[in-house]
Amino acid sequence: MAAGKGSRKLGSMWDNMQIRFIVCFLGVFVCYFYYGILQETITRGEYGQGDTKEKFRYARTLVFIQCIINAVFAKILIQFFEGPKPDQSASWLYGLCSLSYVGAMVSSNSALQYVNYPTQVLGKSCKPIPVMLLGVTILRKRYPPAKYLCVLLIVSGVALFLYKPNSSKVADNHSFGFGEILLLVSLTLDGLTGVAQDQIRGRYQASANHMMLNINLWSSLVLGLAVLWTGEIWEFLSFAERYPNIFYNILLFGLTSAAGQTFIFMTVVHFGPLTCSIVTTTRKFFTILGSVLLFGNVMSTMQWLGTVLVFLGLGLDAKFGKGPKKTTH
């Protein structure tokens, strides 16, 4: 009887975790799908009329505003759903996490000045690999062999699906090698972000909302100093004064980012940074796959092979990919 009750309880917990994972995945997918549309609308749109048309060139200020909205959103969630329970996490870990997070974004975006878009996409699709490797080497985690296979299949599938050999030529005079170094820096910083999040999650049991609040506060501080130092904030305010309707899109952009980050940090807290990196990597794959299927575009053989690898990896991960364990000494 006791064994039966135990197995039913375990099955119920497994069902709850599956439902929670589906909610997290769909939340990330929906929020960041609209987020991507708004980002392209803001950054690639033309403002003004005739010969006076302007482009939006204030990426750091946009991310700065995004981090502020994220922090406010997290604070509201804490106030209404968590109460006065304090967060015991070390501030320096949040600082390290935000520095690596901001550094990874800057490095990845800067790499596009030196490498073509397919190369950058391939680099970003490999994000789960450094998260796993640094988790193993620094935090001494052990993953089952199936987990390594799942990550390899998913990363390979996304890379094959997104790779377009003929798109976006690089300028002939680019500095060979520097763009690749920036991508390696970005991937390493992504791994360090995962290590810091794992420490916060494992040692201090920080909630998703506290993690989101503190990382965004630190990121706001770093980016705030950057936009003040460069004077970009004043140029942005002048631009916004000329085109005040941009504030509406920026507000929506920030809110979709905040909602998406809520689901991302829920994934980190309940399933770990590695699972979160797999979710965010496959999100781009499913977005593009959905676009291909909805609009009837023809998929290449390479894209079909990538699709099979991704679904095979996700299926194996759902069946065999158990969570990591710390090594015993």
Got a sec? Which helices (runs of 4 or more DSSP H) wholly within segment 41-126 have at least 2 residues that are of a type in the set (Gly, Ala, Ser) and at pLDDT below 90? 91-111, 117-125
Tell me yes or no: at least one residue of segment 212-234 is open to solvent by 60 Å² or more (accessible area, probe 1.4 Å), of a type in the set (D, E, K, R), in contact (Cβ under 8 Å) with a residue 60 or more places away in the chain and assigned to a helix (DSSP H, G or I). no
Suppose we filter segment 225-256 for residues that are within 15 Å of Thr61 (Cα to Cα), in contact with a helix residue (DSSP H, G or I) (Cβ under 6 Å, 6 or more places away or on another chain) and not aliphatic (A, V, I, L, M); how many remain? 5
Residues that are in contact (Cβ under 8 Å) with a residue 60 or more places away in the chain and either aromatic (Phe, Trp, Tyr) or part of a loop (DSSP other than H, G, I, E, B) (or both), drawn from segment 235-249: Phe236, Phe239, Tyr243
Condition check for Ala206: closer than 19 Å to Lys75 by Cα and buried (at least 21 other Cβ atoms within 10 Å of the Cβ): yes
Scan of segment 79-95 for residues that are surrounded by 19 or more Cβ atoms within 10 Å (Cβ to Cβ) and either of a type in the set (A, V, I, L, M) or under 20 Å from the mean Cα position of the chain (by Cα) (or both), ordered by number: Leu93, Tyr94
Identify the single condition in (1) at pLDDT 85 or above; (2) open to solvent by 40 Å² or more (accessible area, probe 1.4 Å); (3) farther than 24 Å from Thr307 by Cβ that Leu152 does not satisfy, given that it satisfies every other one. (3)
Can we say Leu252 is part of a helix (DSSP H, G or I), modelled with pLDDT of 90 or more and out of contact with any Leu (no Cβ under 9 Å at 6 or more places or on another chain)? no
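The values are calculated or read from the model by the stated rules, or taken from the named source; none is laboratory data. These figures come from a predicted structure and were not determined experimentally. Virtual Cβ from ideal backbone geometry, glycine too; neighbours counted across all protein chains shown. Heads up: the accessible areas ignore ligands, DNA and RNA and are worked out on the full protein's heavy atoms, side chains in. Shrake-Rupley method; radii C 1.70, N 1.55, O 1.52, S 1.80 Å.
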